[in-house]
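The values are calculated or read from the model by the stated rules, or taken from the named source; none is laboratory data. This is a predicted model, so every value here is computed, not measured. Please note: Cβ atoms are built from the backbone with ideal geometry, for glycine as well, and neighbour counts cover all protein chains shown.
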Amino acid sequence: MKEKEMDEQRQELMAARMSIIRYAHGFMDSMSLKCVVELGIPDILRKNAKPITLQELAAALPLPAVDMGRLQSLMRFAVHHMGLFTFNGQDGTYGLTRFSECLLRDSETFMVPMILGTLTDWGMGAWHSLSSSIQGGPPAFERHHGMNNWDYLASHPDMNQLFNESQERNTKEIFREILSKCGSWLFEGIGSIVDVGGGNGAAAKEIVKEFPSIKCTVFDLPQVMSSNSEKTSEVEWVEGDIFNSVPRADAILLKYILHDWNDEKCMKILEQCKEAIPAGGGKVIIVEMVMDINKEMDMYPALLSDMFMMVSFGGKERTREEWEKLIHDAGYSKCKITPFSPLASLIEAYP
Ligand SMILES: C[S@@+](CC[C@H](N)C(=O)[O-])C[C@H]1O[C@@H](n2cnc3c(N)ncnc32)[C@H](O)[C@@H]1O
C-alpha cells in the first residue's frame, strides 16, 4: 500500500475513534448542561449589565464554597466545547450567548424544565435497561423502575410537576404557531373540543383565546388535574382515564398522546375517541411528528423522540404509512396529514 493511502486510512481511523469518543462521552454534555442550569449560571450572567469574571461568578453561585479550579473547568467546557457562554481572554470575563439565553429560569421555552426533568433518574435510569428491553415485553422504564411512567409520575410529585410544566411550555409555543397558521381551517365548524391527555391545559387555553365560542374541555389523569394550580374557568376540567371513556364533543384533540403508546393501545384510544365524536362532521385532530415527513425537514427531532418514547413509555414515532394504517385499522374512513414543522404535523382523522 502506498504511503498516501496508508495516511488516509490512518486519518479515517482517527476520525472514527474521535466520533466514538464523542458519543461515549455525550453524557458529559448533558450533565454539564444540567449543572449550568442548576447553578443558575445564565441567570447570574444576565443579572449583571456586562460580562463578569470567574471570581464574580463564584461569589454569586448558590453554594457555601467554590473550588475555583473546578468552576474554571466547567466554564471552559461550556465555552469552548458547548458554545454556551462567551469568554473574553483579554479581561477574563464570561457573558451570555443566544444559546444560554434559552436556559434562563424565566425563559418561556420548555428548555429548563425539560433539562431538570430529563436528566434525572426518571429520564436516564431506564437507559441502563435498553439492551434487555430490545427482546420485547416491558419497556426499559418499567424494567428499571418496576412501574410504568404514569404510575411513577403519580407517586413522584416533583417530577410530575416538572413533566407537566415542560409539556405545557412546549405546547404553548407550538400551539400559538398552529393557531396562527392553520387555526382558521383546522377548527372550522367546531363548537366543542376535548383535549384528551391535555395536561395543564396549554393548548385548550390558546384555543379559547383565539376562538372564544368553542367550548373547550381538558381531560387528563387525576394526578395531573390535582397538581394543576391554574385551572382557569374559561376551560372545563375533567379527570379520567382514556381507556375507560372520553367526554363527548364535536372534536377530540390528541397532542403528543399516541407516540406514548404501542399500536394496540393506540387502537383502543382511537376507538374511544371515535365513540365520543359525531359520526357525521366529527373529527380527531392528532398533533404528532411524522417520521418520513421529518426527513424532508430535519430527521433528528423524530429520531431522538422515537428512542425516548420507546425507552420511557414503550411508544414510538410513526411514518405517514404507519399513521394511515393505524387510523384506518381503528375504524376511521379518512385521514388527512398536513406537515407543519419538524416537531409536529397535523393529522385529521374522520369517522
Ligand atoms: C406527553 S403528555 C402530552 C400532554 C399534552 N397533550 C401536551 O401535548 O402538552 C401525555 C399526557 O397524557 C396523559 N395521560 C397518560 N395516560 C392517560 C390516561 N390513561 N388517561 C388520560 N390521560 C392520560 C398524561 O397525564 C399526560 O398529560
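Is it the case that some residue within the stretch 250-261 is over 24 Å from Met310 (Cα atoms) and of a type in the set (Lys, Arg)?
No, the conditions are met nowhere in the stretch 250-261.
Pairs under 7 Å by beta carbon, first residue without any contact (Cβ under 8 Å) to a residue 40 or more places away in the chain in the stretch 186-208, partner within 11 Å of the ligand (Cβ to nearest atom) and of a type in the set (Phe, Trp, Tyr), six or more apart or different chains?
Listed pairs, sorted by first residue: Ala202/Phe175; Glu206/Phe175.
Just to be sure, is Thr171 more than 29 Å from Tyr350 (Cβ to Cβ) and touching a helix residue (DSSP H, G or I) at 6+ places or on another chain (Cβ under 9 Å)? Walk me through it before giving the result.
Values: more than 29 Å from Tyr350 (Cβ to Cβ): no; touching a helix residue (DSSP H, G or I) at 6+ places or on another chain (Cβ under 9 Å): yes.
So Thr171 does not fit the description; no.
Restricting the search to the stretch 175-197, which residues are more than 22 Å from the chain's Cα centre (by Cα), within 16 Å of the ligand (Cβ to nearest atom) and either over 12 Å from Ile285 (Cβ atoms) or not in a helix (DSSP H, G or I) (or both)? Walk me through it before giving the result.
Start the filter on the stretch 175-197 by keeping residues that are more than 22 Å from the chain's Cα centre (by Cα), which leaves 183-193.
Checking the rest, the ones that are also within 16 Å of the ligand (Cβ to nearest atom) come to 186, 193.
Scanning the stretch 175-197 gives a single hit, Ile193.
Being hydrophobic (A, V, I, L, M, F, W, C) and either near the ligand (Cβ under 10 Å from one of its atoms) or part of a strand (DSSP E or B) (or both) is the filter here; which residues of the stretch 230-262 pass it? Break it down into steps so the answer makes sense when it comes.
If we filter the stretch 230-262 for residues that are hydrophobic (A, V, I, L, M, F, W, C), which is where we start, we get 235, 237-238, 242-243, 246, 249, 251-254, 257-258, 261.
Trp237, Val238, Ile242, Phe243, Val246, Ala251, Ile252, Leu253, Leu254, Ile257, Leu258, Trp261, listed by residue number.
What are the residues in the stretch 77-114 that are under 17 Å from the mean Cα position of the chain (by Cα) and not polar (S, T, N, Q), if any?
Initial filter on the stretch 77-114 (under 17 Å from the mean Cα position of the chain (by Cα)): 102-103, 107-114.
Cys102, Leu103, Glu108, Phe110, Met111, Val112, Pro113, Met114, listed by residue number.
Go through (1) outside any helix (DSSP H, G or I); (2) surrounded by 15 or more Cβ atoms within 10 Å (Cβ to Cβ); (3) aliphatic (A, V, I, L, M) for Leu130 and report which single condition fails.
(1)
Each row is one residue, and each column tells you yes or no for (1) assigned by TED's automatic domain parsing to the domain that holds Thr120; (2) farther than 27 Å from Gly123 by Cβ; (3) out of contact with any strand residue (DSSP E or B) (no Cβ under 8 Å at 6 or more places or on another chain).
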residue: Asp263; (1), (2), (3): yes, no, yes
residue: Met267; (1), (2), (3): yes, yes, yes
residue: Lys283; (1), (2), (3): yes, yes, no
residue: Met297; (1), (2), (3): yes, no, no
residue: Asp306; (1), (2), (3): yes, no, yes
residue: Met310; (1), (2), (3): yes, no, yes
residue: Gly315; (1), (2), (3): yes, no, yes
residue: Thr319; (1), (2), (3): yes, no, no
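Could you check the stretch 262-291 and list, in sequence order, the residues that are under 23 Å from the mean Cα position of the chain (by Cα) and surrounded by 20 or more Cβ atoms within 10 Å (Cβ to Cβ)?
Listed by number, the residues that qualify are Cys266, Ile269, Leu270, Val284, Ile285, Ile286, Val287, Glu288, Met289, Val290, Met291.
Residues Leu304, Leu326: which one is among the hydrophobic types (A, V, I, L, M, F, W, C) and surrounded by fewer than 18 Cβ atoms within 10 Å (Cβ to Cβ)?
Working: Leu326 fails: surrounded by fewer than 18 Cβ atoms within 10 Å (Cβ to Cβ).
Just a single option satisfies the conditions, and that option is Leu304.
Of the residues that make up the stretch 207-229, is at least one part of a loop (DSSP other than H, G, I, E, B) and within 15 Å of the ligand (Cβ to nearest atom)?
Initially, the stretch 207-229 is screened for residues part of a loop (DSSP other than H, G, I, E, B), giving 211-214, 221, 228-229.
Restricting the remaining residues to those that are within 15 Å of the ligand (Cβ to nearest atom) gives 221, 228.
Yes: one or more hits.
Failed condition for Ala65, given (1) part of a loop (DSSP other than H, G, I, E, B); (2) surrounded by 18 or more Cβ atoms within 10 Å (Cβ to Cβ), with all others met?
Ala65 satisfies every listed condition except (2).
Kindly provide the set of residues from the stretch 136-153 that are surrounded by fewer than 18 Cβ atoms within 10 Å (Cβ to Cβ) and within 14 Å of the ligand (Cβ to nearest atom), ordered by number.
Met147, Asn148, Trp150, Asp151
Please work out which one of (1) within 14 Å of the ligand (Cβ to nearest atom); (2) under 24 Å from Met159 (Cα atoms); (3) of a type in the set (Gly, Ala, Ser) is the condition Ala276 fails and give its number.
With (1) within 14 Å of the ligand (Cβ to nearest atom); (2) under 24 Å from Met159 (Cα atoms); (3) of a type in the set (Gly, Ala, Ser) applied to Ala276, the lone miss is (2).
Tally up the residues in the stretch 318-351 that are of a type outside the set (Gly, Ala, Ser), outside any helix (DSSP H, G or I) and touching an Asp or Glu at 6+ places or on another chain (Cβ under 7 Å), please. Step through it out loud before you land on a result.
Residues of the stretch 318-351 of a type outside the set (Gly, Ala, Ser): 318-329, 332, 334-340, 342-343, 346-348, 350-351.
Next cut, outside any helix (DSSP H, G or I) only: 318-319, 332, 334-340, 342-343, 346-348, 350-351.
Cutting the leftovers down to touching an Asp or Glu at 6+ places or on another chain (Cβ under 7 Å) gives us 319, 335-336, 342, 347.
The qualifying residues number 5.
Among residues belonging to the stretch 194-217 that are closer than 12 Å to Val246 by Cβ and not charged (D, E, K, R), point out the one that is surrounded by the most Cβ atoms within 10 Å (Cβ to Cβ).
Looking only at the stretch 194-217, we keep the residues that are closer than 12 Å to Val246 by Cβ, and these are 194-198, 217.
Okay, now just the ones that are also not charged (D, E, K, R), so 194, 196-198, 217.
Details: Val194: 25, Val196: 25, Gly197: 20, Gly198: 28, Thr217: 22.
Among them, the one singled out is Gly198.
Check off (1) closer than 19 Å to Asp29 by Cα; (2) not assigned by TED's automatic domain parsing to the domain that holds Phe27 for Gly83 and give me the number that stays unchecked.
Going through (1) closer than 19 Å to Asp29 by Cα; (2) not assigned by TED's automatic domain parsing to the domain that holds Phe27 one by one, Gly83 breaks only (2).
Would you be able to say whether some residue in the stretch 294-305 is modelled with pLDDT of 90 or more, over 15 Å from Ser341 (Cβ atoms), under 16 Å from the mean Cα position of the chain (by Cα) and polar (S, T, N, Q)?
no
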